[in-house]
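Data first, discussion second: the structure below is written as structure tokens.
Each reported figure results from applying straightforward, stated rules to the coordinates on display, with no laboratory input. Quantities reported herein were computed from a predicted structural model and do not represent experimental measurements. Cβ coordinates were reconstructed from backbone atoms using ideal geometry, including for glycine residues, and neighbour counts include every protein chain displayed.
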Amino acid sequence: MASTKSESYFVFMNYDPEYERLRADRTKKGTNELDLYLSRKHNELLASTLEAGSYKKTLSLVIVDGFSVDITEDQANVLRSAKGVRVVEKNQELA
């Protein structure tokens with residue numbers, strides 16, 4: 001039975017030389033380019049892997065090549081096998 005409850009997951013990507021190159025540029029222009037690059041990269045991954053409208057990306061993480069997304073457990077399993085994805089972990093609330 002498929003899970004239909006969306007929860008927050010973190011998705012971390014494999015090593016990407018373009019990310020590393022852009023991250024090394026500490027200028028304002030470099031920071032903007034990195035933000036745009038990661039947002040586009042993460043959005044394209046989600047669009048090519050999951051059904052449109054079935055997920056909600058909440059943020060891209062610039063300090064690491066990753067993002068947060070609201071998805072079901074089944075969708076998390078699909079992302080785990082997507083090209084370029086290193087790890088998908090459910091966001092755990094700390095008590």
At a Cα cut-off below 20 Å, give the lysines reachable from Lys90, other chains included and same-chain residues fewer than 8 away excluded.
-> Lys5, Lys56, Lys57
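Quick one: Ile63, Ile71, fewest Cβ neighbours within 10 Å first, how do they rank?
Values: Ile63 6, Ile71 25.
With the fewest neighbours first, Ile63, Ile71 line up as Ile63, Ile71.
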Principal axis lengths of the chain from Cα atoms, whole Å, largest first?
-> 48, 35, 21
Furthest towards positive pole of dipole, Leu46, Ala76, Thr4, structure part the chain, Cβ charges = Leu46
